[in-house]
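What follows is a single structure, written as structure tokens, with notes after it.
The values are calculated or read from the model by the stated rules, or taken from the named source; none is laboratory data. This is a predicted model, so every value here is computed, not measured. Glycine gets a Cβ as well: all are built from the backbone with ideal geometry, and neighbour counts include every protein chain shown. Ligands, DNA and RNA are stripped out before the accessible areas are found, and what is left, the full protein with its side chains, is counted by its heavy atoms. Shrake-Rupley method; radii C 1.70, N 1.55, O 1.52, S 1.80 Å.
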Amino acid sequence: MTALARPTHGRMIGGVCAALARRFGTSATTMRVIFLLSCLLPGPQFLLYIALWILLPAEDKAGASAAW
């Protein structure tokens, strides 16, 4: 598994689904479909997406902070 960071390439909106796909070894399309299907269920999925968008570092920033 790789570090959880939003990629700079291959992301659609915030890169959260692409980051989760890299982390768990699936395709970004599969993760996006899973997210869209989960939005049909009751719960805070959209709020969780926004929170991860804010909290996850971008890939270039995550690499710079790992060098420290």
Residue count, the range 1-39, condition free of Cβ contacts under 8 Å to residues at least 12 places away in the same chain, assigned to a loop (DSSP other than H, G, I, E, B) and open to solvent by less than 70 Å² (accessible area, probe 1.4 Å), comes to 3
In the range 40-58, anything outside any helix (DSSP H, G or I) and either touching an Asp or Glu at 6+ places or on another chain (Cβ under 8 Å) or open to solvent by less than 60 Å² (accessible area, probe 1.4 Å) (or both) is listed as Gly43, Leu56, Pro57, Ala58
